[in-house]
Amino acid sequence: MGRGPLSGSAPPPPYRSELGNARHDTRSRHRCRSCGAAAVRELAQHEEITTTAIIDTETTPYNRTLVNKAVATGLLEPHHAHLPVLSAPPVRDRVQAMDPQEQTVHLRSGARVDYDALIVATGSVPRALPPGITSPAALESGRVTHLHSLDDALRVRGVLDRTPSPRVLIYGAGFIGAETAGILRDAGCRVTLAASSPIPGATAFGAQVAGQLSQAHRDTVDTHFGHALTRLELVESELHAEFTDGRVIAADLAITALGTRPHSPSPWGGAIAVDSRLRSRDHENVYAAGGVAVHETDGTTWRIDHWSDAEAQGAHAARSVLASLGRADAPGPTDPAPSTAHRSTSTSISLLDTQADSGIRAPSLPVPSFSPTTELVGSSESAAWTPAPT
Ligand SMILES: Cc1cc2nc3c(=O)[nH]c(=O)nc-3n(C[C@H](O)[C@H](O)[C@H](O)COP(=O)(O)OP(=O)(O)OC[C@H]3O[C@@H](n4cnc5c(N)ncnc54)[C@H](O)[C@@H]3O)c2cc1C
């Protein structure tokens, strides 16, 4: 399998995030992760502001990008992905609901936290398969999973560890699905990458680039594009995945990678619409950043769920809070251009920040065996993507 836990200290993660000091006065609340941590760091520069970071009890904040790149294959242990802790202890609790009228947050413990400004950075959750596709036995087998959290990574690793030359079906050929296909192939798995679309990514990248990517997938792993998954059954100890064309693919593990949807507690229960300064469009003194925030430009709504952009948005939301409190100048509109890099089966994808003066290309991830390199240039996840000039 070419996998094995690291001994000694871990290499630095591909993206770095710092957690700042959380002792300040006029109150501002948020949950802390890539995005929340960046907001803390920004607010920490103002000692007169009290910042309270609320971090879910169940998890230690971690670098989510390492879930598929390193933890699922055993290259890193889960604790290697943990982010640095806050220097002042955060509130460890889960937010049950927020009350924008009363300007208070209700926690699972029963406690409530009042705020003058609230930054919501609760991220996203993976999109599920439609109900009824996965049989109860397949679900209970632990062989069907998303790949979004450290727990998911350990589930994947458990199946890979106990299966010689595992057959892995990945359903969904977006960023996470395609990248994971390449990673697991290199780890010794027999991978099939499947998608309902005949040319996965055509909406995001345009037909030409998506066509090149699809070809790269075909050259690298088994593919089954253009047919939707209709049923996942457990037959003895293997999964049988049935598609609309009648084909049945047998696998030891099925990973669903159907994208994410924004996630937040009540009263939103999902996306939070924000203006260009990341202020909620519906409620005073509420801000949202990262995977939970939905932006609108010229009547088009869009959302970016990328690590570096979440971090940038967290800092930007904090600067908007500071401006609203009269502690800083207004930061201006948020820059929606992510600068990030993904690997897609054998292809390295760099998303360039076209609005940055330097136009510097994001660093490629340290993964082996790139063959064709495709550069995609764009300013947001849902914008039209065009190939970079070579
Ligand atoms: C497998 C994988 C690989 C990825 N690789 C890349 C990559 O290579 N490059 C890239 O740019 N992006 C990548 N991404 C996307 C990137 O990880 C996300 O865009 C980023 O994590 C979003 O940050 P966020 O802070 O908005 O949300 P999250 O990172 O999801 O953080 C949200 C936090 O809020 C907490 N929370 C949620 N609800 C509550 C509540 N009610 N109470 C208290 N706390 C709560 C959660 O526990 C979590 O800690 C990857 C994602 C995945 C799943």
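The values are calculated or read from the model by the stated rules, or taken from the named source; none is laboratory data. If you're wondering where the values come from, they're calculated on a predicted model, not measured in any experiment. Here the Cβ positions follow ideal geometry from the backbone for every residue, glycine too, while neighbour counts run over all protein chains shown. These area figures cover heavy atoms from the full protein model, side chains too; ligands, DNA and RNA do not enter into them. Shrake-Rupley method; radii C 1.70, N 1.55, O 1.52, S 1.80 Å.
Observations on the model:
- Those trypsin sites (Lys or Arg not before Pro) in segment 225-293 that DSSP places in a loop and that have at most 11 other beta carbons within 10 Å: Arg247
- Label reach from Ala328 (point 7 Å along Cα→C-beta): in segment 36-58, amide nitrogens under 17 Å belong to 36-53.
- Model label sites at Gln45 and Glu242, defined 7 Å from Cα along the beta-carbon direction, differ in position by 6.0 nm.
- Think of segment 168-292 as a dipole: +1 on every Lys or Arg Cβ, -1 on every Asp or Glu Cβ, centred on the Cα centre; then among Gly246, Leu193, Ser264, Ser264 lies furthest on the positive end.
- Here the calculated FRET efficiency for Ala137 and Glu284, from their Cβ-Cβ distance with R0 = 51 Å, stands at 0.55, rounded to the nearest 0.05.
- Coil-residue GluC sites (Glu not before Pro) of segment 78-182, DSSP, other Cβ within 10 Å capped at 16: Glu102
- Using the Cβ-Cβ distance between Thr230 and Arg162 with R0 set to 25 Å, the FRET efficiency from 1/(1 + (r/R0)^6) comes to roughly 0.35.
- Shape of segment 118-220, Cα gyration tensor, a/c cut at 1.5: oblate
- Nearest-10 value in Å² for the accessible area of Glu233, using the 1.4 Å probe: 70
- FRET efficiency for the pair Thr300 and Ser109, taken as 1/(1 + (r/R0)^6) with r the Cβ-Cβ distance and R0 = 45 Å, rounds to 0.65.
- Residue-span extension gain [Ala273 to Ala97] - 0.36 nm each, minus C-alpha spacing: 61.6 nm
- Three-way shape label, segment 192-231, alpha-carbon gyration tensor, a/c 1.5: oblate
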